[in-house]
Amino acid sequence: MLWIEGKLISDSLVEEFFACELSACKGACCWEGDFGAPLEEAELAVLEAIYPQVAPFLSPAGVEAIERQGKYVRCEEDGSYGTPLIDGGPCAYLVLDENGIGQCGFERAYRAGATHFQKPISCHLYPVRVSHNAETGFEALNYHRWSICSAACQRGQAEKIPLYRFVREALVRKYGQEFYDALEGAAAFLLQQKVQQESQE
């Protein structure tokens, strides 16, 4: 484990390889699962404010689900918040393109210049998940392994893209450039140690 700026980071972010392969998974992470995309409390007001700009980029079914359930929903089990789902299936902010590949409605609006909000940070960071420890106050960053991402693992391995580099933009967005630079340095140190150990065997 790595400890950087009060964050506990799993070694898997450095040791594992990953690069999304949308042509294979079709964006299944946006419609698989029992709950929508996790939302930070600070994002709730953002969703309320930008919805008029995002709505034109959504599907009719997504708009109907949002108008019926709200811009976000609360999980009764742990009190967390997430995006609503369409009939218990895909995220209400999901849109399928002409090839059947899932696209984020937030990101479509962002790329069109309609909003300054790219997408929920949990989506941007995926497959890295951030958990909060209320007792200690620290955060832990872990790799969320999912079988639907097998093609992404294969592509990452083939192209030698470490997981932390794949989510670089999201890490910088959430924690800042200094945090990422420190992580990059720690990763280089771990790699150097691994090479030295292998040479001694």
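Within the stretch 73-95, the set of residues being assigned to a loop (DSSP other than H, G, I, E, B), surrounded by fewer than 20 Cβ atoms within 10 Å (Cβ to Cβ) and touching a Pro at 6+ places or on another chain (Cβ under 7 Å) comprises 80 only. The residues on offer are 135, 67, 98, and the sole one that is without any contact (Cβ under 8 Å) to a residue 12 or more places away in the chain, over 19 Å from residue 166 (Cβ atoms) and assigned to a helix (DSSP H, G or I) is 67.
Considering only the stretch 10-42, how many residues are assigned to a loop (DSSP other than H, G, I, E, B) and among the hydrophobic types (A, V, I, L, M, F, W, C)?
As a first pass, look at the stretch 10-42 and keep what is assigned to a loop (DSSP other than H, G, I, E, B): 10-11, 16, 18-21, 26-27, 31-37, 40.
So of that shortlist, the ones also among the hydrophobic types (A, V, I, L, M, F, W, C) come out as 18-20, 31, 35, 37.
Of the residues in the stretch 10-42, 6 are assigned to a loop (DSSP other than H, G, I, E, B) and among the hydrophobic types (A, V, I, L, M, F, W, C).
Against the list (1) surrounded by 14 or more Cβ atoms within 10 Å (Cβ to Cβ); (2) part of a helix (DSSP H, G or I); (3) at pLDDT 95 or above, the condition residue 158 fails is (1).
Would you say residue 145 is among the basic types (Lys, Arg), without any contact (Cβ under 8 Å) to a residue 24 or more places away in the chain and surrounded by 15 or more Cβ atoms within 10 Å (Cβ to Cβ)?
Working: among the basic types (Lys, Arg): yes; without any contact (Cβ under 8 Å) to a residue 24 or more places away in the chain: yes; surrounded by 15 or more Cβ atoms within 10 Å (Cβ to Cβ): no.
It is false that residue 145 is among the basic types (Lys, Arg), without any contact (Cβ under 8 Å) to a residue 24 or more places away in the chain and surrounded by 15 or more Cβ atoms within 10 Å (Cβ to Cβ).
Any residue at all in the stretch 66-85 that is in contact with a Cys (Cβ under 9 Å, 6 or more places away or on another chain), under 18 Å from residue 117 (Cα atoms) and of a type in the set (Val, Ile, Thr)? Checked the stretch 66-85: at least one residue is in contact with a Cys (Cβ under 9 Å, 6 or more places away or on another chain), under 18 Å from residue 117 (Cα atoms) and of a type in the set (Val, Ile, Thr).
Taking into account only those residues within the stretch 2-53 that are at positive phi and modelled with pLDDT under 90, which is nearest to the chain's Cα centre (by Cα)?
Once the filter is applied, the top-ranked residue is 27.
Scanning the stretch 36-55 for residues being surrounded by fewer than 16 Cβ atoms within 10 Å (Cβ to Cβ) and either within 18 Å of residue 132 (Cα to Cα) or touching a residue at least 24 places away in the same chain (Cβ under 8 Å) (or both) gives a total of 4.
Does residue 185 fit the bill of being on the phi < 0 side of the Ramachandran plot, among the small types (Gly, Ala, Ser), in a helix (DSSP H, G or I) and without any contact (Cβ under 8 Å) to a residue 40 or more places away in the chain? Please lay out each step first, then the result.
Numbers: on the phi < 0 side of the Ramachandran plot: yes; among the small types (Gly, Ala, Ser): yes; in a helix (DSSP H, G or I): yes; without any contact (Cβ under 8 Å) to a residue 40 or more places away in the chain: yes.
For residue 185, the condition - on the phi < 0 side of the Ramachandran plot, among the small types (Gly, Ala, Ser), in a helix (DSSP H, G or I) and without any contact (Cβ under 8 Å) to a residue 40 or more places away in the chain - is met.
Conditions tested, residue by residue: (1) at pLDDT below 95; (2) more than 18 Å from residue 12 (Cα to Cα).
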position: 96; (1), (2): yes, yes
position: 101; (1), (2): yes, yes
position: 117; (1), (2): no, yes
position: 125; (1), (2): no, no
position: 131; (1), (2): yes, no
position: 142; (1), (2): no, no
position: 145; (1), (2): yes, no
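Of the residues making up the stretch 106-122, those that are more than 18 Å from residue 48 (Cα to Cα) and within 18 Å of the chain's Cα centre (by Cα) number 1.
For the subset of the stretch 1-35 comprising residues that are of a type in the set (Ser, Thr, Tyr) and surrounded by 16 or more Cβ atoms within 10 Å (Cβ to Cβ), which member is farthest from residue 156 (Cα to Cα)?
We begin by selecting, within the stretch 1-35, every residue of a type in the set (Ser, Thr, Tyr); these are 10, 12, 23.
After this cut, where a residue has to be surrounded by 16 or more Cβ atoms within 10 Å (Cβ to Cβ) as well, the list is 10, 12.
Working: 10: 18, 12: 13 Å.
Result: 10.
The values are calculated or read from the model by the stated rules, or taken from the named source; none is laboratory data. Computed from a predicted model, the values in this text were never measured in an experiment. Counting neighbours? That spans all protein chains shown, and the Cβs are built from the backbone with ideal geometry, glycine included.
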